[in-house]
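So the structure is just underneath, and the comments pick up after that.
The values are calculated or read from the model by the stated rules, or taken from the named source; none is laboratory data. From a predicted model like this one, the values you see are computed outputs, not experimental measurements. Cβ placement follows ideal geometry from the backbone for every residue including glycine, while neighbour counts extend to all protein chains displayed. Just the protein is used for accessible areas: all its heavy atoms, side chains included, with ligands, DNA and RNA removed. Shrake-Rupley method; radii C 1.70, N 1.55, O 1.52, S 1.80 Å.
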Amino acid sequence: MAAQILAGVVLGLAGAAPFAVVLTRSAARGSKGPGVKSGLACVIVSSAIILVGAALARRANPAAFVPVAVSAALALLAGVTVAALVTWRRLP
């Protein structure tokens, strides 16, 4: 069970990576925030990462689906929250 949760956390943090990149770039640009296109791209890419990872976990072990999916979702939320707070602190 611990390995499944760890896999979900890694999956969730991988899903949060696009948000971190876009938010870091927007902090470097100044007060102009990220555009709608980049925000939509982040949502689509992170959703695809988590969905593919959860589908692979379910395919490998159906009993592992729930722990992997729940921990991935929570790790995604935590990662995006940290990225947003760091970006918020960097803005002038």
Checklist outcome for this item: Of every hundred units of 1.4 Å-probe accessible area on the chain, the number belonging to carbon and sulfur atoms, as a percent, is 75 percent
Checklist entry - Looking at the stretch 23-72, which trypsin sites (Lys or Arg not before Pro) are DSSP coil and have at most 16 other C-beta atoms within 10 Å of their C-beta? => result LYS32
Next on the checklist: I'd like the orientation of helix 65-90 relative to the chain: the angle between its Cα long axis and the longest Cα principal axis, in ° from 0 to 90, rounded to 10.
Outcome noted: 10 degrees
Checklist outcome for this item: Expressed in nanometres to one decimal, the distance between label points 7 Å along Cα→Cβ at MET1 and ARG59 is 2.7 nm
Item to check | Surface per residue (accessible, 1.4 Å probe) for the chain, Å² | outcome: 66 Å²
Checklist entry - So what's the convex hull volume per residue for the Cα atoms of the chain, in Å³? => result 69 Å³
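Roughly speaking, what is the stretch gain from VAL36 to VAL21, that is 0.36 nm per residue apart minus the C-alpha to C-alpha distance, in nm to one decimal? Walk me through the intermediate numbers first.
Values: separation 15, 0.36 × 15 = 5.40 nm, distance 1.48 nm.
Length gained, VAL36 through VAL21: 3.9 nm.
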